[in-house]
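Rule-based calculations on the coordinates, nothing more; no lab input. The shown structure was predicted, so the numbers you read here are calculated from the model rather than taken from an experiment. Glycine gets a Cβ as well: all are built from the backbone with ideal geometry, and neighbour counts include every protein chain shown.
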Amino acid sequence: MKKEWIIVNGITIIAVIVLFVLVLNNKKESIESQEDKNVELTMQQGGIVYINTDTLIQNYEYAKFLSEQLLRKEESSRADFNEKVRIFQSDMYDFQRKVQNNSYLTLERAQNEERRLMQKERELQELSDRLTNELLEEQMRMNMQLRDTITLFLKDYCKEKPYNIVLSNAMGDNILYSVEGLDITENIVELLNIRYSASQKK
């Protein structure tokens, strides 16, 4: 009798454990299923999605093209400026050597040369400032061009999708948490690159 009681208790414990495991698994599946439904519902109701802007810019071919253009312009400007600086430094060295060797026939000629070099130095500083400003303006212009391209694309894209808002998430600053499925970066990059590639073939 005691033996039968132990067997019944053992079976009851095993049944309770099995039941407990089944309930937990169902609850987990129910939560996961509910999260999937929430994402779908959010999207169907004209939900909010986001794009990781850093990833988009790194992988969008047009953004790479604009970046390379700016880099080439910067390198060209720097090369021209460095050549002017080299000539100025050579002139300064010649001036200092002539002053040390008393090569100028009159003090007036030495002073004229010194004034010319000081003027040249001011011009180089102004040129450096101008080139820096030009590059900054060019970068701003390219950023606006890139932004316009992306926003125009998204305007068309969202006509076919149930999205009311597309957020920009740069360096993870704007979106601290979202359920899976709301990051549409990969799809957008792919479509933008297809469109850019097609435009290059025309």
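Label-to-label distance for Asp91 and Leu152 is 4.6 nm, based on points extended 7 Å past Cα in the beta-carbon direction.
Between Leu167 and Val49, Tyr50, Ile51, the built amide H atoms are under 5 Å apart, and every one of these is 5 or more places off in sequence or on another chain. Structural size metrics of the stretch 96-172, computed from C-alpha coordinates, are Rg and Dmax of 27.7, 84 Å.
Using the Karplus relation 6.51 cos²θ - 1.76 cosθ + 1.60 with θ = phi - 60°, the per-residue 3J(HN,Hα) values for the stretch 51-68 come to 10, 7, 4, 4, 5, 4, 5, 5, 10, 7, 4, 5, 5, 5, 4, 4, 5, 5 Hz, with x marking Gly and Pro. Considering only alpha-carbon pairs that sit under 8 angstrom and 6 or more positions apart, the relative contact order computed for the stretch 51-173 is 55 percent.
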